[in-house]
Structures are given as C-alpha cells and as structure tokens.
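The values are calculated or read from the model by the stated rules, or taken from the named source; none is laboratory data. This structure is a prediction, so every number in the text was calculated from the model and none was measured. Backbone-built Cβ (ideal geometry, glycine too); neighbour counts: all protein chains shown.
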Amino acid sequence: MVNALKYLYVGAVYLVLYAPLLVTICFSFNDSVSADAWFGFTVKWYERLFADKSLINSALRSLFLAASTATTSTVVGTIIAIALHRYRFIGQKVVYGSLSVIMLSPEIIQGISLVMIFVILGIPLGFSTLLLSHTVFCFPFVTITVLVRLKGVNRNLAEAGADLGASDVDIVRFILIPLILPAVFAGWLISFTLSIDDVIISFFVGGKNYEILPMKIYSMVRTGIQPDVNALCAALFFATFAVVMLSYRLVRNRK
Amino acid sequence: MLKTADNFCRQAVLYFIFIWFGVMVFAPNLLVLLASFLSQDPVWYLRLPLNLENYAALSDPKLLTVILKSLNLAVCTTLFCLVVAYPFTYFIARFARERRALFLMLIIVPFWTNSLIRNYALISILSENGILNTFLMKHGWISEPLKVLYTNAAVFAGMTYTLLPFMILPLYATLEKLDLSLLEAAEDLGAGPMAAFFRVVVPISAPGIVAGCIMVFLPALTLFYVSDILGGADSAVLGSVIRDQFMIVKDWPVGAAINVALTVFMLFLLHLYYKSGNSVDQEQPIW
C-alpha cells in the first residue's frame, strides 16, 4: 500500500514534468489552428514546417550551436579538471570557487556581463559570441563531472606510468583520458542540454544576424504562435532524443 | 628533456586557465561593477563621472514594488519546489541502482526541448478552454473555468514547472549517499520515524537542500520569459526590470547596479551554502 502510494507520487511528478511536452507533440498532429480541442489527425503542420525555411534554419542553428558548445566546453572543462587534479598552482582555490559561482549564477547576470564586454570591445554579436557565452556557462559542469571521476582514479596508475618513463602528456593521454572518458561524455551531454535549453543568455548575446530557435519563437509569441511551431518542437525533441540515444550507444559499445 | 617538455605543457595549460578565467569570467563581472558607478551615455552607453546615483535608483518605490512581488513569487516557488521535490527525490534515491540512473535521466529529458517552448505549451494547459479546465469541468469539480492564464498564478505554475528539476538534482546528489544504517541506528536508539527523518535525514541532506533552494530561488527572480509568456500586466519579475533597463531604456548603469545587488545577494546565499555542513569539501558536485 505504502509502496503503491510512493509510485503514484513519483508518477504524478513525472506526469507534470512531461505534460507540456506531450501536449506539444499531440497538438502538432491536431487538425485545427486552436489548441483547445482535438479535431482529428493531420500531418499538415509538418508539411508547412518543412516549407518554412527560416524556421527550419533557426532550429538547425540551435542544434549546431549546442553541438559546438558541448564540444568546446568539454575540451575547456576537461583541461581545467585535469589541471586542477594534477597541478598545484596559485589561484587554485579561486578557480574552484568560481566554478560553483558560475554554476549557481542566474543566467541574466552572466548574459548581461558578457554582452557588455562584447559591446565595449566591439565584437559583433552572432555565432561567435553565442558560442563563447554558452561555453562559459557550460564548462564548469564538465569540470565538476570530470573532477569527481578523477578523484576515483587510482593515483598509483599515474605514478607507475611516470616510473616507466611516460611524460605528463603521455600519462594524460594514455592513462587518464581513457579512464575519465565516461565522465567526459556525460559532460558533453550536460553541456548540449544546457545550451539547447538556454533562453536568457542567448537573448542578450545573440544579436539579430544569427537567430536561433528560442529567439525566433520569442519574437513569434507576440504575434501568436501557429501550430507548425508545435510540429517543429516535436520534431526537434525527437531529433535530440535520437542524437543522444545514438551517442550513448556508441560510447557504451566502445567500453 | 622530458622535464622541459612537461614544464612547457604545465605553463601552457596554466596560462590558458588564467586567460580563460580572466577574460571570460572576471573581466565581464568587473565591467558590470564598474558600470554601476558610471553615468549613462546615449552613444557609448557609459561615461564618467563616477557616482552612486545608480544605487539610489534602486530605492525607487515603483521598482521596490516589483522587487518585493518578485521576491514573494521566488520564495513561494522555492518552498513549493522543495516540498514537492524532497519526497520525490527520497523515493527515487532508494530505488535499485540501475533503475535510479533511468529515473534520473527521465528528469533531464524534458530539457531537450527549450524551456521557452515548454512554457509556451503550458498555455494550452492553463487557458480558459484549456486541458486543465476541461478536465476539471468534465468531472464536475468546478462549475466555471478557472482564470489562471495571464495571472500571477500561471507565472507561479510556470516557474515551478521550469525549476523543479533544479531542486531535484542537487537533492539527489546528497540523498543518494544517505547511509540507511544511520536510520536503523536512530531506530535502535529509540527515535520514531519522524524524529529519525528530521534529526538524521534532513541534516545530512542540508547541503543539497541549500544548493537546490539557491538554484531555484535565483532563477525564479530572473526568468523574465516565464512572466512574459504566462503572466499578466503586473507579473513582471526582477529579471524583466533588468532586461528593460538594458534593452529598452538603455540605461546600462542602473541595470548594472541592479545586477550588482543581485550578485551580492547571490554571494550571500553561496556563503550560506558553504556553511551548511560538509559541503566545505569544494569538489562536492552541486548536482
């Protein structure tokens, strides 16, 4: 009885978390412009969506940005994690502290400070500023994920490598990286997810020339959203789902 | 030979870290701090002289009303998220190991659609002829549709929905490590289930509770798009004010001053986080 209640509660929370997603997917097949009732099955919104180049383009930009962000922040985050693990240096405490500050900072604080520095330095807002900014708020998650894993690595392995004549680079490349690979991949996924989900930082540093999906939708909300946006969101969700599952499979098989 | 190569490598990595943090982390925040003491300029956004007037603007009664309302909403959102997330996380942290990973993954999956889109989907749930009202009326629980959409209640729903995972994930990080034998020990020593929960489980998970509250509370003050999409005319949050100062009024110094105030507040909360028990270990992941 108590167990049943437990599952009921857990299920209810998941239902709330998934309801908006399910609604979006259902209405993307709904044969009506209004989102109030079910009028029958249709794929016409998908047809309209694939005819709308600007909408498709902004979605592709979002995916491309998320993949690029995930890659750069994985590289930056992993380098910092390995340095924190292997080296002792001045300012190490400050680096540790900044990691949690960045992770806890509301996006608006980061978005505004970054857009100010870009504007003052005269860097035009676009893909490069989006990529830099997204990397800044994603890399701490990679660093922390990798650090936790590095803490579990037996220190003797690196020492044995050094005794056998391996250089630092060799130790990192042939001993540490293979061992932390799952955490590196997890960091990549977290960054991808954070980047796809972000609205506020992109709102500030995005600029007009490189319109990614949330900005496109943000400008459409005021004029009223058409059901083809539902179709786009559903399609994007399935695309992301497929990408994540596929990469998960690949990493698992390699292990 | 080997040593010099290693040394070079070390130098290069450390320089990279210093430059990265200096340029991308510290410089932007110092610029905001500096800007909060400068004056507004129509062309260059900022100019001398230095002054404190931007902070005086924070005491503007209109702004204060918005801030108080926003704080109220953020507190309600945080408490509600905590009350909902705690039992939920406690239950899934007790599941079998393989299942736990799946359940955790299921919390992250909705993030793969942009939160703006998910909040937009809430419109069709909360609107007057929406799914919620249709469902409630069909069962005869209410006789006329509830007015939720475009009120503060809808913003509360949107915030809770958007931020709930940010409460669950840090809580999970601490509750997963809970040693069940501690509960047995408490029972053996004569503690009832309530006493065991409040005097053993809650203190142990305190860092998770504080981290979760910070990760919900601060965004609940600033997610302006939630109030834009779901809220009414008077649902502005603190984030909407900051955005307007930068994008519409173009008064960078005042916007920067509000930002600095928010940052100071955040650092205060972080200070609480580090004082909240064993989180002194700084490598402790927040989620």
Identify all residues within region A:65-95 that are out of contact with any Leu (no Cβ under 7 Å at 6 or more places or on another chain), of a type outside the set (Gly, Ala, Ser) and part of a helix (DSSP H, G or I); write none if there are none.
A:71, A:74, A:75, A:76, A:78, A:79, A:80, A:86, A:93, A:94
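So which helices (runs of 4 or more DSSP H) stay within region A:148-255 end to end and still have 3 or more residues that are at pLDDT 85 or above and in contact with a Phe, Trp or Tyr (Cβ under 8 Å, 6 or more places away or on another chain)?
A:177-197, A:200-205
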With respect to residue B:178, is the statement that it is under 30 Å from residue B:228 (Cα atoms), modelled with pLDDT under 85, in contact with a helix residue (DSSP H, G or I) (Cβ under 7 Å, 6 or more places away or on another chain) and not in a helix (DSSP H, G or I) true?
no
Among the residues in region B:115-122, are any in a helix (DSSP H, G or I), more than 7 Å from every other protein chain (Cβ to nearest Cβ) and in contact with a helix residue (DSSP H, G or I) (Cβ under 9 Å, 6 or more places away or on another chain)?
yes
Going through region B:1-35 one residue at a time, which ones are of a type in the set (A, V, I, L, M), under 18 Å from residue A:94 (Cβ atoms) and more than 7 Å from chain A (Cβ to nearest Cβ)?
B:19, B:23, B:30, B:33
Residue by residue through region A:55-82, note down the ones that are β-branched (Val, Ile, Thr) and either in contact (Cβ under 8 Å) with a residue 40 or more places away in the chain or more than 10 Å from every other protein chain (Cβ to nearest Cβ) (or both).
A:56, A:69, A:71, A:72, A:74, A:75, A:76, A:78, A:80, A:82
Might you check whether a residue that is on the phi < 0 side of the Ramachandran plot, among the small types (Gly, Ala, Ser) and assigned to a loop (DSSP other than H, G, I, E, B) occurs anywhere in region A:103-115?
yes
Contact list please: Cβ distance under 8 Å, first residue in region A:157-174 and within 13 Å of residue A:82 (Cα to Cα), second residue in a helix (DSSP H, G or I) and among the β-branched types (Val, Ile, Thr), pairs at least six apart or on different chains.
A:158/A:171; A:158/A:175; A:172/A:82
Go through (1) out of contact with any helix residue (DSSP H, G or I) (no Cβ under 7 Å at 6 or more places or on another chain); (2) within 17 Å of residue A:196 (Cβ to Cβ); (3) aliphatic (A, V, I, L, M); (4) outside the structural domain of residue A:195 (by TED's automatic domain parsing) and name the single condition residue A:60 misses.
(4)
Does residue A:114 qualify as being in contact with a Phe, Trp or Tyr (Cβ under 8 Å, 6 or more places away or on another chain), in the same structural domain as residue A:161 (by TED's automatic domain parsing), under 28 Å from residue A:151 (Cα atoms) and surrounded by 20 or more Cβ atoms within 10 Å (Cβ to Cβ)?
no
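Taking residue B:55 as the residue in question, decide whether it is surrounded by 13 or more Cβ atoms within 10 Å (Cβ to Cβ), within 13 Å of chain A (Cβ to nearest Cβ) and in contact with a helix residue (DSSP H, G or I) (Cβ under 8 Å, 6 or more places away or on another chain). It would help to see each step written out before you state the result.
Numbers: surrounded by 13 or more Cβ atoms within 10 Å (Cβ to Cβ): yes; within 13 Å of chain A (Cβ to nearest Cβ): no; in contact with a helix residue (DSSP H, G or I) (Cβ under 8 Å, 6 or more places away or on another chain): yes.
For residue B:55, the condition - surrounded by 13 or more Cβ atoms within 10 Å (Cβ to Cβ), within 13 Å of chain A (Cβ to nearest Cβ) and in contact with a helix residue (DSSP H, G or I) (Cβ under 8 Å, 6 or more places away or on another chain) - is not met.
Against the definition (at the interface with another protein chain (Cβ under 7 Å from one of its Cβ atoms) and of a type in the set (D, E, K, R)), how does residue B:97 come out, yes or no? Quick ask: steps written out before the conclusion?
Numbers: at the interface with another protein chain (Cβ under 7 Å from one of its Cβ atoms): no; of a type in the set (D, E, K, R): yes.
Criteria not met by residue B:97.
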Looking at (1) under 30 Å from residue A:113 (Cα atoms); (2) in contact with a Ser or Thr (Cβ under 7 Å, 6 or more places away or on another chain); (3) free of Cβ contacts under 8 Å to residues at least 60 places away in the same chain; (4) more than 10 Å from every other protein chain (Cβ to nearest Cβ), which is the one condition that is false for residue B:224?
(4)
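Mind checking which helices (runs of 4 or more DSSP H) fall wholly inside region B:185-239 and carry at least 1 residues that are modelled with pLDDT of 90 or more? Before you say what the answer is, go through the steps one by one.
On the way: elements: B:193-196, B:206-222, B:224-230.
Per the criteria, B:206-222, B:224-230.
Residues are listed down the side, and each one gets a yes or a no for (1) away from chain B (no Cβ under 11 Å); (2) surrounded by fewer than 24 Cβ atoms within 10 Å (Cβ to Cβ); (3) among the hydroxyl-bearing types (Ser, Thr, Tyr); (4) touching a helix residue (DSSP H, G or I) at 6+ places or on another chain (Cβ under 6 Å):
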position: A:124; (1), (2), (3), (4): yes, yes, no, no
position: A:129; (1), (2), (3), (4): yes, yes, yes, yes
position: A:135; (1), (2), (3), (4): no, no, yes, yes
position: A:145; (1), (2), (3), (4): no, no, yes, yes
position: A:150; (1), (2), (3), (4): no, yes, no, yes
position: A:159; (1), (2), (3), (4): yes, yes, no, no
Tell me which residues, restricted to region B:123-147, are within 14 Å of chain A (Cβ to nearest Cβ), aliphatic (A, V, I, L, M) and within 31 Å of the chain's Cα centre (by Cα).
B:123, B:125, B:126, B:131, B:132
